[in-house]
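The values are calculated or read from the model by the stated rules, or taken from the named source; none is laboratory data. If you're wondering where the values come from, they're calculated on a predicted model, not measured in any experiment. Glycine also receives a Cβ, built like all others from the backbone with ideal geometry; neighbour counts cover every protein chain displayed. These accessible areas exclude ligands, DNA and RNA; they are computed on the full protein's heavy atoms, side chains included. Shrake-Rupley method; radii C 1.70, N 1.55, O 1.52, S 1.80 Å.
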Amino acid sequence: MVERGFDIRRLPGAATLAIACFVILYIPMVILVVNSLNGGQSISLWEGVSLRWYAVALQNEGFLNAAKTSLILATTAALVATVTATMAALATTRSRGFRGEGAINLILNQPLMVPEIVLAIALLIILAQIKQATGYMGLGYLVVAHSAFCIPFAYMPIRARLQGMDLTLETAAADLYASRFYTFRKVTLPLLAPAILAGFMLAFVVSLDDVVISEFLKSPGQDTLPTYLLGQLKRNLTSEIYAISSLLLLISVLIVAGSWLLTRKKT
Amino acid sequence: MATDAETLSIRADTRRRWVLALPAVTIITLFSILPLGVVVAYSFLTPGDYGNVKWIISFEGWFHVLFERDIFDDTVSLSDAHLTIVVRSVLLSLATTGITLVLGVPTAWFIATRPQRQRAFWLFLITIPFWTNLLVRTIAVQEMIRSDGIVNRLLLWLGLIDAPIQMMFTNFAILLGMAYVFLPLMVLPVYAAIERFDFRLAEAGYDLYASRLYCLRKVVLPQVKAGIIAGSILVFVPSLGAYVTPRIMGGGTTLMLGNLIETQFGQGRDWPLGAALSLTLTALVLVALVWYTRLTTRERRDG
Amino acid sequence: MLEIRNLTKSFGRGATSVTALSEVTFPIAEGEFFTLLGPSGCGKTTLLRLIAGFEPPSGGQLVLDGRDIARLPPNKRPVNTVFQNYALFPHMTVAENVGFALGAQGRPRSEIAATVERMLALVQLGHLAHRKSGELSGGQQQRVALARALAPKPRILLLDEPLSALDMKLRKDMQVELKRLQQETGLTFIFVTHDQEEALTMSDRIAVMNGGRIQQIATPRELYDQPANRFVASFIGESNFLDATCARGRLVLSQAAGPLPVSHPDGPVTLMVRPEHVVLGSARGGGLTLAARVERLVYFGTDTHVHLLLADGARMVARVQNALRGGAPCAEDDVIEVTLPTDALRLLPKEAG
């Protein structure tokens, strides 16, 4: 029998700190949700459980528009990012090295190396002038900007999967009379699908979460959920803000749980 | 010659790869790299009268990052306001990294040493805040420490204080907010490193008469160090450039670099200075990243 | 049917280039079980990959049924491969794996289904048709890989060390199974292995390779009995090598009692004799007789290895079958007489170094 104290896995204090960490992470979020369920008019007085503020939020035109904008923006940006990142990952993997490989990788990771606020300012300078010159005020600016900073997030899991992929599978397909396209469709793509999905979800959430770039680039009246929330914060804290925050929290839980179930089924 | 045919096929392959990568490369070049180039250009221009710039080359923007000139007698002195903010940003980011290290590393250790089936559950608990909107999490912390938030109310009820403590809009508030929002960024890479660690190595260490501490230092730490460094970088870099959390937690008075940069781009403000400050921030981040890559590549060479 | 002509492959360019295969030329006959044997890095896998089309050759031709296929892509060659790690598609079922090639060729569904069924019956895996390939044991994966490569009826089946991942027992079974499949289908097999026993038991002909060159091509028995050079002799089976000289029709061995008449051009040679042919004492047919001291006896169950030290410091091993009674044939430190029978002696060209 090995003595318990011998097991290096049981570090004294680690469990205590870990539990403290989980408590610290969750208490603010739980209190946020509890506050959103306050039936009272003021956030400082508790007047019983009610979904009243959710109803208020869901009838609020500003919130609904922001939600719609966010959804369209995140979906389009994540789609563009995933498709282009998949192509790029196919280009930069499964090779003995080619001229410019390093440059491509550097470019594709560049958005990760620049602070968000700097990228926001930089885009603002350029896009403000394009806005003035063309008069176009639509969602296009946000879509391209979001696509750009989402690409590295989609690129990472897809590239990692391709690097881990058994190269002989594609060789085997070619040996079995498959053309390049048939091999891609029947072998590479199905094996890559989980990573592409993961890349898409990562890009989607990164776009959905973005505050700074959207706040700087949005045209008047063009709020996303985070910028709408930020705008509301400038006024007074209300239970409605807590309700909207709780809804966003719920979306995250759903996404995490969803991806959890997806990967579960695969393995 | 066959080797010519090989050269040709290598060229065709390279061309095909570039074509595939082109859309992603173009988007990032146009909407991330090019704008940064414009910022570089702006930092060497003269401020316009109503914001924006005049196309006259000037180094005043860079000059004003650290110095100020007295408007009456033109004497040059260090710009206390800017220096304070730069120093505060670096210190707060270091402190944030420190706090997340203290909490995050034991947590990662705890998760990685759970039995396989329980690990998924604990990881799930870490990933939920990780994927939750940063703004929402900042609002959640704000709710805790505002004047009639839960902490003050609890302290009042316990009789420990007579009047609410003003915690919001202080350095402490910013630090608390950043540590809270960036904590999951520390746990995940450290967890990944510990999870890869083969605990039989620690047993081998014990077998060779190592004490627990010696074993941790000489066997475990070298193998999980990469994860700890990665986690530190993942926390430090966004802390340094943080904008949203300091804005909410610090209010209008206590600023970090990100907020200082933003204010330079308002109407009638100094855009070249803002551009120079942006590049200063980017440079600080790059220093951290370069330090990180050098550390990890040396690690790989030695290992 | 397959003519390999001056096939050469080098990797890299200029000063750093490495020649993996140099000027290899030989034919392979229809229906043959042909084995490429050699240590790792000898070029056997490179040769296989060139035949499969996974690498372009640096020079030479591959003439299959009168047509040079050396520069065709792998999907245009009537040649299929069983990979070392099997390379089964993990996201497909066994049946989908086996039917892959026919699908790629655009054959009708009914034909694919029929062929898949026939192939799975051939490798006795019909009951696993709808399993995912990851759920199979190593031996089963091996059979699926075989069925998958056989399904499109290739002209040649290439097997790249297909048995190396299996354990000993399964390996023996699969050796028999492979040979049966080859005889049943009448197909040409080109088999790559570094395991000499596997090569000897299964092949019709073996090409022994080293350093990117063919050392000898022969039947298993010829290879063992008449090795062409020292490399082949030492790679296949165990051998004793002694330095000797031929002078005016006589073989002179410094340690031996007297010279032996031979028909061999004059000059230094390497004398090779298999340990099981060395006789302790004198032999009936005559041969070279030498004195030796017994250094060590190693018991192997069926036989005993007698390690001998000769007068000039050279060493050799004799393998003596163990008798039911009587114990060891000699004791350590005995000085005894050994005979190398004339018909067991092989003269190999003396190699430099």
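Summary of values
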item	result
Members of the range A:113-124 found to be among the aliphatic types (A, V, I, L, M), buried (at least 20 other Cβ atoms within 10 Å of the Cβ) and without any contact (Cβ under 8 Å) to a residue 40 or more places away in the chain, listed by number	A:Val114, A:Val118, A:Ala122
Residue match in the range C:237-251 (condition: among the polar types (S, T, N, Q), touching a strand residue (DSSP E or B) at 6+ places or on another chain (Cβ under 8 Å), under 17 Å from C:Phe33 (Cα atoms) and open to solvent by 20 Å² or more (accessible area, probe 1.4 Å))	no
Test result for B:Leu255, closer than 24 Å to B:Glu60 by Cβ, away from every other protein chain (no Cβ under 11 Å) and buried (at least 18 other Cβ atoms within 10 Å of the Cβ)	yes
Residue ranges of helices (runs of 4 or more DSSP H) in the range B:1-116 with at least 3 members within 9 Å of another protein chain (Cβ to nearest Cβ) and loosely packed, with under 15 Cβ neighbours inside 10 Å	B:2-28
Of all residues making up the range B:253-291, the number that are farther than 19 Å from B:Leu66 by Cα and in contact (Cβ under 8 Å) with a residue 40 or more places away in the chain	6
Listing of helices (runs of 4 or more DSSP H) fully contained in the range C:192-305 that carry 3 or more residues being among the charged types (D, E, K, R)	C:220-225
Sole exception among (1) facing another protein chain (nearest Cβ under 8 Å); (2) modelled with pLDDT under 95 for A:Ala145, by number	(2)
Subset tally (residues that are assigned to a helix (DSSP H, G or I) and open to solvent by less than 50 Å² (accessible area, probe 1.4 Å)) for the range A:129-158	18
Unmet criterion (only one of (1) in contact (Cβ under 8 Å) with a residue 24 or more places away in the chain; (2) surrounded by 14 or more Cβ atoms within 10 Å (Cβ to Cβ)) for A:Glu101	(1)
Residue check, B:Met144 under 27 Å from the mean Cα position of the chain (by Cα), outside any helix (DSSP H, G or I), of a type outside the set (Phe, Trp, Tyr) and at negative phi	no
Test set (1) hydrophobic (A, V, I, L, M, F, W, C); (2) more than 12 Å from chain C (Cβ to nearest Cβ); (3) in contact (Cβ under 8 Å) with a residue 40 or more places away in the chain; (4) more than 25 Å from B:Gly241 (Cβ to Cβ) - A:Val206 fails condition number	(4)
Residue in the range A:43-59 that is touching a helix residue (DSSP H, G or I) at 6+ places or on another chain (Cβ under 8 Å) and at the interface with chain B (Cβ under 10 Å from one of its Cβ atoms) present	yes
Of all residues in the range C:82-98 being open to solvent by less than 10 Å² (accessible area, probe 1.4 Å) and not aromatic (Phe, Trp, Tyr), the one that is farthest from the other protein chains (Cβ to nearest Cβ)	C:Val94
Residue within the range A:192-199 that is more than 10 Å from every other protein chain (Cβ to nearest Cβ), without any contact (Cβ under 8 Å) to a residue 60 or more places away in the chain, open to solvent by 10 Å² or more (accessible area, probe 1.4 Å) and under 19 Å from C:Ser133 (Cα atoms) present	no
Any chance A:Val211 is under 13 Å from the mean Cα position of the chain (by Cα), among the β-branched types (Val, Ile, Thr) and open to solvent by less than 30 Å² (accessible area, probe 1.4 Å)	yes
Selection from the range C:306-336 of residues that are small (Gly, Ala, Ser), closer than 21 Å to C:Gly237 by Cβ and either modelled with pLDDT under 85 or not in a strand (DSSP E or B) (or both)	C:Ala314
Search result, residues across the range C:99-109 that are touching a residue at least 24 places away in the same chain (Cβ under 8 Å) and open to solvent by 20 Å² or more (accessible area, probe 1.4 Å)	C:Ala104, C:Gln105
Residue among B:Pro184, B:Pro246, B:Pro272, B:Pro222 that is facing another protein chain (nearest Cβ under 9 Å) and part of a helix (DSSP H, G or I)	B:Pro184
Residues of the range A:232-248 that turn out to be open to solvent by 20 Å² or more (accessible area, probe 1.4 Å), in a helix (DSSP H, G or I) and within 11 Å of chain B (Cβ to nearest Cβ), as a count	4
Test for A:Leu176: is it in contact with a Phe, Trp or Tyr (Cβ under 6 Å, 6 or more places away or on another chain) and at the interface with another protein chain (Cβ under 7 Å from one of its Cβ atoms)	yes
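Residues checked against (1) farther than 28 Å from A:Val211 by Cα; (2) open to solvent by less than 30 Å² (accessible area, probe 1.4 Å):
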position: A:Arg10; (1), (2): yes, no
position: A:Leu25; (1), (2): no, yes
position: A:Trp53; (1), (2): no, yes
position: A:Asn60; (1), (2): no, no
position: A:Thr69; (1), (2): no, yes
position: A:Thr76; (1), (2): no, no
position: A:Thr84; (1), (2): no, yes
position: A:Ala88; (1), (2): no, yes
